[in-house]
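S.K.: Please find one structure pasted underneath; my questions will follow.
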Amino acid sequence: MLQAPIPPNDAARLQELRSYGVLDSPEEQAFDDIGALVRDIAGTPIGIISLVDENRQWFKTCIGLDAKETPRNISFCGHTILQRTPLIINDALDDPRFCDNPLVIQEPHIRFYAGFPLISSNGLALGSLCAVDQQPRQLQGSQIEALERLARLAVRQMELKRQGRLLAQAAHPASTEAEAPAPPPARLHQLLTSKDQLISMVELMLSQSSQACFGLMRLEFKELRRIANALGESSASALRQEQLERLVALLPDNASCCELNEQEWLVLTPFTATEEQLCSQAAAITEQLQQPIGVAQQLLSSQVAVGAALVQGNYSSAGDLLSDAAIALRNAARRPGSHYSCIDLASRIQAQQDLQLESELRAGLSQGQLEPHFQPLFDLKTRAVVGVEALARWRRSDGELLMPSLFLEAAERAELLGELDLQMIRQAIGASHVMARVQPHQPMLLSLNLSGALLESPALLQNLFALIDGEPLPQHWQLQLEMLEVNLQQPEAEIARTLQQLHQRGVLLAIDDFGTGYSSLSRLNRFPFHSLKVDMSFVKLLDAPEQPSNRILEVIQAMAEALDLHTTAEGVETEAQRQWLQRQGFHWGQGYLLAKPMPLQDILNLLLTHLAEAVPL
Ligand code: C2E
Ligand code: CA
Ligand code: CA
């Protein structure tokens, strides 16, 4: 018998092996899953992850055989670690190196052995992943390739353990091996894996000829950023940690999960066979994770959305599966009530249409198909036109004119909204010079909408400032930028700086759709806002007498007066509304009573007519 030789670099190899902290560690599901996959792929009764220690080979996992270790000198794996390629022995009895090996002639009577070296990131062989049978057999090329991939996966799993150890040591440098810091909660540790690893696992499961059923869920922790901004990173991370612990408590032992990015997690649940099962897992997750959590003497709850997809032989790539789960997640995140969703045909088709619209919009934007229409703002008392609001329209190549409700969401998804705003501002400033020729001495306001995307992007903000500095408005014209309260949720110091920079450039700042958001007034009052545009939903109800909305409008006007804010009422459609608003002290109006939004040529005509009439009421 040829004894397993000791390679010249064995000391370095052993040092590397020990740095993983895997030798003599307890059983772990992730490794056992890999051992089981070895059997599935090779079709052998035994699947092993063997680590070659100084005098023994130690089994991190040994599926199908009741053994923990054997002496190194008789081990097959002791030979495998000498090479980079697999060591495959189709029949040990035919091989002079092994025919009289005790593992062959006695229990467990090995006849077939296929060992795939486990090579660490710096090139040292730690052990081998092996398939063992008591019958002679042969492997196909595709099986060998799959097992090679699996061996790399096993090393990555070890790598993950090592990283965890190093992180823990870095966090507590003084601690010694004997009093190592408390590991992350055991169960989280057991189910946690890396993104690469989880995706490799999915790929491997999909590549099996008899594909197993399993579920994949994408979880989004929706408000962590907002909580981090409001209460600090440590509160957000405490909340997240507690949510993760609740998550793993709900998952079966054979599940795996990984972090995809700061707000998203992936969960793989093997043996999930029906959509009903998957939905009930998703429902339980959202239910539990949204229960309030005590953090820093406060009760916090953060919404969680789950998008799920079920594999039943219907996927061939991990990419398709992940993107289906992402579509489902987007549907879930959009829903106000229930927070999970499973992928279905209708949402897959909708997602394709969304993508199509996004790509057409991207092309349309670069070809200048987006243009501003203008709606006059008027003095509620005199009906004189005091300004215009520019509203985006998309004139498609077939001549169809699309309203913002049909493309703004697509612009936001495709991250084009900030660019769209800038284009509107640029074009509207150009148009203001044409409008100014009609009434060169009349003070006028050019009002535009500013998206959250623009407000949150330092690069786009720089472009906005450059645009304002480089393209002045006509004399007597002033630029106003309207923004929604929901888009002012960044940390106060940041948003204050941005608004101050705009204010210093002489830009008037307005809150759009006022009354529908939930900002605290004291917060708004700390920013240099000039006016409130009161949402049309209140104005619409004015015609019905004794509506509580009348009372709300009275309060808004009184409050705006107290804070020295200018007021514009949106959606003024009737003369009765105009009169009520004017009596109440609102300054300006905007609505179909005077005019709908219209193209530049039409607003020029309207301005000319108004100039000719100029009859105050
Ligand atoms: P908004 O800023 O509140 O604009 C007012 C909307 O109300 C416009 O709809 C306008 O046509 C409509 N409207 C005005 N008066 C009346 C009225 O008397 N009755 C009724 N029923 N509606 C009236 P539009 O043009 O469809 O725009 C919808 C929203 O799209 C805007 O609401 C604004 O939030 C957004 N939007 C439009 N253009 C842009 C843009 O360039 N950038 C960004 N970020 N958002 C834009
Ligand atoms: Ca607006
Ligand atoms: Ca509005």
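S.K.: Dipole of the chain, Cα-centred, from +1 at each Lys and Arg C-beta and -1 at each Asp and Glu C-beta, to the nearest 20 debye?
M.R.: Its charge dipole is roughly 660 debye.
S.K.: Just want the answer: with Cβ charges of +1 for Lys and Arg and -1 for Asp and Glu, which residue in Leu377, Gln281, Leu321 is farthest toward the dipole's positive end in the chain?
M.R.: Leu377
S.K.: List the chymotrypsin sites (Phe, Trp or Tyr not before Pro) within region 414-519 that DSSP assigns to loop and that have no more than 15 neighbouring Cβ atoms inside 10 Å.
M.R.: Tyr518
S.K.: Too long at a 23 Å Cα-Cα cut-off: which of Lys222/Lys540; Lys161/Lys222; Lys381/Lys533?
M.R.: Lys222/Lys540; Lys161/Lys222
S.K.: For region 363-609, what % of the accessible area comes from carbon and sulfur atoms, probe 1.4 Å? Please report the intermediate quantities before stating the final value.
M.R.: Details: 5740 of 10950 Å².
In region 363-609, the share of accessible area belonging to carbon and sulfur is 52 percent.
S.K.: In whole Hz and in residue order, list the ³J(HN,Hα) couplings for region 446-451 that follow from phi through the Karplus curve 6.51 cos²θ - 1.76 cosθ + 1.60, θ = phi - 60°; x for Gly and Pro.
M.R.: These are the phi-based 3J(HN,Hα) values: 10, 10, 9, 9, 10, 7 Hz.
S.K.: Let me ask something else. How much length is gained on full extension from Glu264 to Gln312, taking 0.36 nm per residue of separation minus their Cα-Cα distance?
M.R.: 14.9 nm
S.K.: Apply 1/(1 + (r/R0)^6) to the Cβ-Cβ distance of His109 and Glu242, taking R0 = 41 Å, and write down the FRET efficiency to the nearest 0.05.
M.R.: Once rounded, the FRET efficiency stands at 0.20.
S.K.: Quick check: the angle from helix 404-413's long axis to the longest principal axis of the chain, C-alpha only, nearest 10 degrees?
M.R.: Between the helix axis and the principal axis of the chain, the angle is about 30 degrees.
S.K.: As an exercise, use a Förster radius of 35 Å and the Cβ-Cβ distance of Val438 and Asp543 to find the FRET efficiency, rounded to the nearest 0.05. Walk me through the numbers on the way to the answer.
M.R.: Values: r = 34 Å, r/R0 = 0.96.
With a Förster radius of 35 Å, E is 0.55.
S.K.: Now for a different question. Please identify every one of the GluC sites (Glu not before Pro) in region 256-320 that sits in a loop by DSSP and has no more than 13 other beta carbons within 10 Å of its own beta carbon.
M.R.: Listed in order of number, the matching sites are Glu262.
S.K.: Can you find, among Cys257, Gln243, Leu224, the residue farthest towards the positive end of the dipole of region 224-276? Put +1 on the C-beta of Lys and Arg, -1 on that of Asp and Glu.
M.R.: In region 224-276, that residue is Leu224.
S.K.: Percent relative contact order of region 187-343, based on C-alpha pairs within less than 8 angstrom and at least six residues apart?
M.R.: 31 percent
S.K.: Still on this structure: How much length is gained if the chain between Gln29 and Asp66 is pulled fully straight, taking 0.36 nm per residue apart and subtracting their Cα-Cα distance, in nm to one decimal?
M.R.: 11.6 nm
S.K.: Around Val202, what is the net charge, scoring Lys/Arg as +1 and Asp/Glu as -1 over all other residues with Cβ under 13 Å from its Cβ?
M.R.: Details: positive: Arg149, Lys195, Arg218; negative: Asp33, Asp196, Glu203, Asp320, Asp324.
Computed value for this residue: -2.
S.K.: Another question, then. So how far apart, in nm, are the two label points at Asp10 and Gln290 if each is 7 Å from Cα heading toward Cβ?
M.R.: 6.1 nm
S.K.: Output the antiparallel fraction of DSSP beta bridges having both residues in region 246-352, as a percent to the nearest 5.
M.R.: Percent antiparallel among DSSP bridges in region 246-352 is about 70.
S.K.: Would you tell me the accessible area of Phe98, worked out with a 1.4 angstrom probe on the heavy atoms of the protein chains, in Å² to the nearest 10?
M.R.: 0 Å²
S.K.: If you don't mind, there's one more thing I want to ask. Cα axis of helix 548-562 to longest principal axis of the chain: angle in degrees, 0 to 90, nearest 10?
M.R.: Computed tilt is about 80 degrees.
S.K.: Sticking with this structure for a sec: When only DSSP loop residues count, what GluC sites (Glu not before Pro) in region 340-441 have their Cβ near at most 11 other Cβ atoms within 10 Å?
M.R.: Those that pass, being in a loop and sparsely packed, are Glu400.
S.K.: Contour minus end-to-end for Arg18 and Gln83, with contour as 0.36 nm per residue of separation and end-to-end as the Cα-Cα distance?
M.R.: Gain on stretching Arg18 to Gln83: 21.4 nm.
S.K.: Which of rounded, prolate, oblate describes region 548-595, given a ≥ b ≥ c as roots of the alpha-carbon gyration tensor eigenvalues and a/c under 1.5 marking rounded, otherwise prolate only if a/b is larger than b/c?
M.R.: Verdict is prolate for region 548-595.
S.K.: Sticking with this structure for a sec: Describe numerically, in nm with one decimal, the distance between label points set 7 Å from Cα along Cα→Cβ at His530 and at Glu233.
M.R.: Computed distance between label sites His530 and Glu233 equals 3.8 nm.
S.K.: Over the chain, average the accessible area per residue using a 1.4 Å probe and give it in Å², no decimals.
M.R.: The answer is 46 Å² per residue.
S.K.: In cubic angstrom, how much convex hull volume per residue do the alpha carbon atoms of region 363-609 span?
M.R.: Values: hull volume 32.7 nm³, N = 247.
Taking only Cα atoms, region 363-609 has a hull volume of 132 Å³ per residue.
S.K.: What translational D, rounded to a whole number of µm²/s, comes out for region 1-77 from Stokes-Einstein when the hydrodynamic radius is the Kirkwood one over Cα pairs, at 10 °C and 1.306 mPa s?
M.R.: Working: Rh = 13.3 Å.
It comes out at roughly 119 µm²/s.
S.K.: Now a separate question. Based on DSSP, what percent of beta bridges with both residues in the chain are antiparallel, to the nearest 5?
M.R.: Counting DSSP beta bridges with both partners in the chain, the antiparallel share is about 70 percent.
S.K.: Quick check: at a probe of 1.4 Å, how many percent of the accessible area of region 10-171 sits on carbon and sulfur atoms?
M.R.: Numbers: 3330 of 6810 Å².
That fraction is 49 percent.
S.K.: For helix 29-42, report the angle its Cα long axis makes with the longest principal axis of the Cα atoms of the chain; keep it between 0 and 90° and round to the nearest 10°.
M.R.: With rounding to tens, the tilt is 70 degrees.
S.K.: So what's the chain giving for Rg/Rh, alpha carbon basis, Kirkwood Rh from the mean inverse pair distance?
M.R.: Numbers: Rg = 33.6 Å, Rh = 29.5 Å.
Here the Rg-to-Rh quotient is 1.14.
S.K.: Further, regarding this structure: With N denoting the number of residues in region 348-418, provide Rg(C-alpha) divided by 2.2 N^0.38 Å, to two decimal places.
M.R.: Output field value: 1.40.
S.K.: Given a Förster distance of 22 angstrom, what is the FRET efficiency for Ser366 paired with Ser405, based on the Cβ-Cβ distance and rounded to 0.05?
M.R.: My answer for the efficiency is 0.50.
S.K.: Still on this structure, I have one more. About the Cα centre of region 187-343, how large is the charge dipole given +1 on each Lys and Arg Cβ and -1 on each Asp and Glu Cβ? Please answer in debye to the nearest 20.
M.R.: 360 debye
S.K.: In whole Hz, with x marking every Gly and Pro, tabulate ³J(HN,Hα) for region 152-162 from phi via Karplus 6.51 cos²θ - 1.76 cosθ + 1.60, θ = phi - 60°.
M.R.: 5, 4, 4, 5, 4, 5, 5, 4, 4, 4, 5
S.K.: Using +1 at the Cβ of each Lys and Arg and -1 at the Cβ of each Asp and Glu in the chain, identify which of Tyr340, Phe116, Leu401 lies farthest towards the dipole's positive end.
M.R.: Leu401
S.K.: If you average 1/r over all unlike Cα pairs in region 10-171 and invert the result, what Kirkwood radius do you get in angstrom? Walk me through the numbers before you get to the answer.
M.R.: Details: mean 1/r = 0.0637 Å⁻¹.
Taking the inverse mean of 1/r over all distinct Cα pairs, region 10-171 comes out at 15.7 Å.
S.K.: Continuing with the same structure: Using the basic label-point model (7 angstrom from Cα toward the beta carbon), what is the Ala212 to Ala273 distance in nanometres?
M.R.: Output for this residue pair reads 1.4 nm.
The values are calculated or read from the model by the stated rules, or taken from the named source; none is laboratory data. It should be emphasised that the depicted structure is a prediction, and the values quoted were computed from it without experimental measurement. Backbone-built Cβ (ideal geometry, glycine too); neighbour counts: all protein chains shown. Accessible surface is based on the protein model in full, side chains and every heavy atom, while ligands, DNA and RNA are left aside. Shrake-Rupley method; radii C 1.70, N 1.55, O 1.52, S 1.80 Å.
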